[in-house]
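Asks: The structure that follows is given in the form of structure tokens.
The values are calculated or read from the model by the stated rules, or taken from the named source; none is laboratory data. Keep in mind it's a predicted model, so treat the numbers as computed, not measured. Quick reminder, even Gly has a Cβ in these numbers, built from the backbone with ideal geometry, and neighbours come from all protein chains shown. Only protein heavy atoms, including side chains, enter the accessible area calculation; ligands, DNA and RNA are left aside. Shrake-Rupley method; radii C 1.70, N 1.55, O 1.52, S 1.80 Å.
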Amino acid sequence: MQLRGKVAVVTGAARGLGRVVALRLARDGASVVVADISADGVEDTARAIKAAGGSAVAVPTDVSDPDQATALMDRAVSAFGRLDVLVNAAGVVHVDPLLDYPPQAWDRVLNVNVKGLFYCLQAAARVMKERGGGKIINVTSPASRQPVPFAVAYAASKAAVDSITRSAAAELARHGITVNCVAPGRMPTAMIEQIESRLSEMTGRPAAELREERLPPLGRMCDPEDVAAAIAWLASSESDYMTGGRMNVT
């Protein structure tokens, strides 16, 4: 229970990787503030944490609204008295050919994946600075470095996450705040299913066929628990000397 006594905010925690991370941090002893735009989803994740003996509070939040991001961090302090860890796991994707990519889709992806991440990071850092330190972990993607057809906004947003991580790490170190990011491989989550379904629709090839040819060297998709374990390590005191780094869980 290496996170006993710690308080963590996890965004995007209604489902997918964010939910798995919230459950893992709670299992490691942290009190978890479960945040997501889905009110039903955050309540469900918080119930699962409590059912397993953990401590959690559900806070429906639109991270792309800076006022809601600030209120989220304030809620963590009012509920548990402190804030030690922020995991920025909220994210969306839109798949379309570049020449047909709709402006509203571009705006939505950047609003959540970049602006939302920054607003939460900024709000959390303000709280952490006052108490002398903390840990911020951003979820990025291999897409930030690799060519990604049909997902130009998502790839751009994750490149921005990498850059924000490095800049924030350099600036916040003097306040005792570390900032790192984790790049998960392809996982069996709703987001990946959405991407594969759209690619199958556009290419006329079965999703299973596309999945097989894109398998990583280990020959299987990444398990969200693998990523949650890496995030849990970054949230713990064992990673105290690491900042501005990127862990590739692929």
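Asks: Out of ASP96, ASP84, ASP62, report the one residue that is among the charged types (D, E, K, R), open to solvent by less than 30 Å² (accessible area, probe 1.4 Å) and either within 15 Å of the chain's Cα centre (by Cα) or within 23 Å of THR243 (Cα to Cα) (or both).
Replies: ASP84 is the lone residue from the list that is among the charged types (D, E, K, R), open to solvent by less than 30 Å² (accessible area, probe 1.4 Å) and either within 15 Å of the chain's Cα centre (by Cα) or within 23 Å of THR243 (Cα to Cα) (or both).
Asks: Output the residue which, of all residues in the range 129-180 that are within 30 Å of LEU99 (Cα to Cα) and among the basic types (Lys, Arg), is least open to solvent (accessible area, probe 1.4 Å).
Replies: LYS158
Asks: Of the residues VAL21, VAL42, VAL32, which single one is open to solvent by less than 10 Å² (accessible area, probe 1.4 Å), without any contact (Cβ under 8 Å) to a residue 60 or more places away in the chain, outside any strand (DSSP E or B) and closer than 20 Å to LEU117 by Cβ?
Replies: VAL42
Asks: List every residue pair whose Cβ atoms sit under 8 Å apart, with the two residues 6 or more apart in sequence or on different chains, where the first one lies in the range 87-111 and is assigned to a helix (DSSP H, G or I) and the second, anywhere, is surrounded by fewer than 16 Cβ atoms within 10 Å (Cβ to Cβ).
Replies: Taking only residues 6 or more apart or on different chains, the pairs are LEU98/PRO149.
Asks: Something else: Please tell me if ALA71 is of a type in the set (A, V, I, L, M), open to solvent by 20 Å² or more (accessible area, probe 1.4 Å) and part of a helix (DSSP H, G or I).
Replies: Yes, satisfied.
Asks: Do we have any residue at all in the range 165-184 that's closer than 26 Å to ALA22 by Cβ and at pLDDT below 95?
Replies: Yes, the range 165-184 has at least one match.
Asks: So, ALA153, is that one of a type outside the set (S, T, N, Q), modelled with pLDDT of 95 or more, more than 30 Å from GLY29 (Cα to Cα) and in a helix (DSSP H, G or I) or not?
Replies: yes
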